[in-house]
């Protein structure tokens, strides 16, 4: 009988301890602010604007796939000094933080393109055999991952653009977009948001291509410009 009483008291003690720990955890709720996703925005842009690591934003919102970010989605930005406690986000009138006009004006100038794939450039931008070549060709083995040169939203993924074969087009901030053609396989779909460096396709030779390579274009207001002027 005495052992049973001691067991009950021990269980009660453990319950009290658990309650104390739970109360402490609730009191330690991190602060942050809420952002409503707008067209063209993604975690990379939000990370740069708020100065919060992408992994912290993903963890705070339970985001596993960065491509699933949707326009109108409410995103908690953790650790923002101007934010409200996380618990307040469940209130009927949550605080919404919107980018300033200055941020919108700077977004295009913040673009820093990277090479979509490592390989040898086989064709340059401009005149090629008497015809205009709208981008550069980069040789690589079939199946090599093709990476997004900058963050943005996929506005085309598939065929239907003549000799380009399987192609991905990503719309970036401002007036810029990039094109990735002749892919063996596209790894993203229209409407997806992609981060800079994210794998979006695999090198192939679909369409009018003599061998596996990436045809890469940088377009401003839909007009092709020399990608080498934008790449490091």
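Rank the residues 34, 150 as a footprinting-exposure proxy: fewest other Cβ atoms within 10 Å of their Cβ go first.
Numbers: 34 18, 150 23.
By the 10 Å Cβ count, ascending, the order reads 34, 150.
With the crude spin-label approximation of a point 7 Å out along Cα→Cβ, what separation in nm comes out for residue 199 versus residue 141?
1.4
Evaluate the distance, in nm, between pseudo-label points positioned 7 Å from the Cα of residue 190 and of residue 127 along their respective Cα→Cβ axes.
3.7
Which order do 161, 111, 69 fall in if you start with the one that has the fewest other Cβ atoms within 10 Å? Mind showing how you got there, number by number?
Working: 161 14, 111 17, 69 20.
Result, fewest neighbours first: 161, 111, 69.
Once both labels are modelled 7 Å past Cα along the beta-carbon direction, what's the residue 231-residue 73 spacing in nm?
3.1
No value in this document is a laboratory result; all are computed from the given coordinates. Nothing here was measured: the structure is a model prediction, and the numbers come from that model. Don't worry about glycine lacking a Cβ; one is built from the backbone with ideal geometry, like all the others, and counts go over all protein chains shown.
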